[in-house]
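Take a look at the structure below.
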Amino acid sequence: MLRAILDDVGLDDVEITMDSRFTEDLDLESIDLVTLAGKLEERYGRQVNFAVFVASMELDELIDLTIGRLVEYVVQRLAAAEGC
């Protein structure tokens, strides 16, 4: 999903790692994060709610948000949904 967004904004050669930060390393803007949120909901449904995830963060946390932290959130939410 993230690779598709990066490709759309002309960043198809950027390396993505778990430590990559959305804003600093990947140079994504808020509209790109909205697009990612939509793709996550399409794929996983409402159990992975990106808006709820980022709403709990302070501004500095949001600026430093990494791929790894988002992956951890998705894994936790999916595991919680399976446990229901």
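The values are calculated or read from the model by the stated rules, or taken from the named source; none is laboratory data. Source: prediction; values computed, not measured. Backbone-built Cβ (ideal geometry, glycine too); neighbour counts: all protein chains shown.
Worth pointing out:
- Any chance residue 36 is under 16 Å from residue 19 (Cα atoms) and either in contact (Cβ under 8 Å) with a residue 24 or more places away in the chain or surrounded by 15 or more Cβ atoms within 10 Å (Cβ to Cβ) (or both): no
- For beta carbons closer than 7 Å, sequence separation of 6+ or different chains, a first residue in region 56-80 that is farther than 19 Å from residue 42 by Cβ and a second that is surrounded by 13 or more Cβ atoms within 10 Å (Cβ to Cβ), the qualifying pairs are 62/54; 63/23; 64/21; 65/21; 65/22; 66/20; 66/21.
- Candidate set from region 19-52 (those that are over 11 Å from residue 5 (Cβ atoms) and among the polar types (S, T, N, Q)); member that is modelled with the highest pLDDT: 20
- Tally of residues being closer than 18 Å to residue 69 by Cβ and in a helix (DSSP H, G or I) across region 7-33: 3
- Residues of region 34-84 that turn out to be assigned to a helix (DSSP H, G or I) and farther than 26 Å from residue 11 by Cβ, as a count: 12
- Criterion: surrounded by 15 or more Cβ atoms within 10 Å (Cβ to Cβ) and closer than 20 Å to residue 81 by Cα - qualifying residue of 54, 9: 54
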